[in-house]
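Have a look at the structure below before the remarks.
The values are calculated or read from the model by the stated rules, or taken from the named source; none is laboratory data. Model, not experiment: these values are computed from the prediction. Neighbour counts are summed over all protein chains in view; Cβ atoms, including those assigned to glycine, are modelled from backbone coordinates with ideal geometry. SASA here: full protein model, heavy atoms, side chains in, ligands and nucleic acids out. Shrake-Rupley method; radii C 1.70, N 1.55, O 1.52, S 1.80 Å.
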Amino acid sequence: MNAVSLLSEVIEQAGKVAAQAYRDDPQYGALLDAGLIQSDGVVQSVLCENCDVPHEAEIVFEGDTYGYFCPELGLVPVEPADLVAVRPNLAALVEHLHAAFECAPGVISQLGPQTWRVGLVDTPGGRAVVYFHTCLQNHHDLINLENALRLEIRRDYALVVTAAGHLPYRDATTYTLAQMVQLDLGTARLRKTVSVAEAVGAPPK
């Protein structure tokens, strides 16, 4: 798994996740260095797989020890390092995308809980507006996107980049992060692998 695919997986989980699942992956360290993932306290629950019936268990702090209660095993201690939580830094991601797509100077705007206007890009066929929307996997995601873009000014082209899924949207072309960018490990910055003009199908000069 490359760094952008790993980041997309974290974003898809829509909240904080346990760092334990990723910390041995060198791509995870690269995302931390790039500021695309950030620490976020500790996880609130874990999956207990030590008994006959795996179950979700809430983390407790008892007797100077982190752990969780299992009906079969009682208090099961957990190392603090295994409870560290991280979440995607979406504000930093949008800034990375603004630079990677060489957007015109301008303010990045958050249009909704899951939607950002990344910026404007001049293409040979006209001006394109680039958006980031966390996921486009189902009808609910499409409704959220539509509500966020309701008051947006129409441009010649529109591109929506998402972490997971790219359901067709009537007013824009949709691509996933993994299709559009990759992480340059030397600079710890995202760089485009597909131009905005190519993604939206703008005609060449």
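What number of residues in the stretch 11-50 are under 15 Å from residue 67 (Cα atoms) and hydrophobic (A, V, I, L, M, F, W, C)?
The number of residues fulfilling the criteria is 6.
Could you grab me the full set of residues in the stretch 91-106 that are more than 13 Å from residue 191 (Cβ to Cβ), surrounded by 13 or more Cβ atoms within 10 Å (Cβ to Cβ) and not hydrophobic (A, V, I, L, M, F, W, C)?
Across the stretch 91-106, the qualifying residue is only 95.
Condition test on residue 39, is it touching a residue at least 24 places away in the same chain (Cβ under 8 Å), outside any strand (DSSP E or B) and either touching a Pro at 6+ places or on another chain (Cβ under 9 Å) or open to solvent by 20 Å² or more (accessible area, probe 1.4 Å) (or both)?
For residue 39, the condition - touching a residue at least 24 places away in the same chain (Cβ under 8 Å), outside any strand (DSSP E or B) and either touching a Pro at 6+ places or on another chain (Cβ under 9 Å) or open to solvent by 20 Å² or more (accessible area, probe 1.4 Å) (or both) - is not met.
Return yes or no: is residue 156 open to solvent by less than 30 Å² (accessible area, probe 1.4 Å), charged (D, E, K, R) and at pLDDT below 95?
No, not satisfied.
Please name all residue pairs, on different chains or six or more residues apart, with Cβ atoms under 6 Å, provided the first residue is in the stretch 6-18 and is over 18 Å from residue 161 (Cβ atoms) and the second residue is of a type in the set (Gly, Ala, Ser) and crowded, with 16+ Cβ neighbours inside 10 Å.
Pairs found: 16/85.
Name, by its number, the condition in (1) among the small types (Gly, Ala, Ser); (2) open to solvent by 40 Å² or more (accessible area, probe 1.4 Å); (3) farther than 28 Å from residue 183 by Cβ that does not hold for residue 126.
For residue 126, the failing item is (2).
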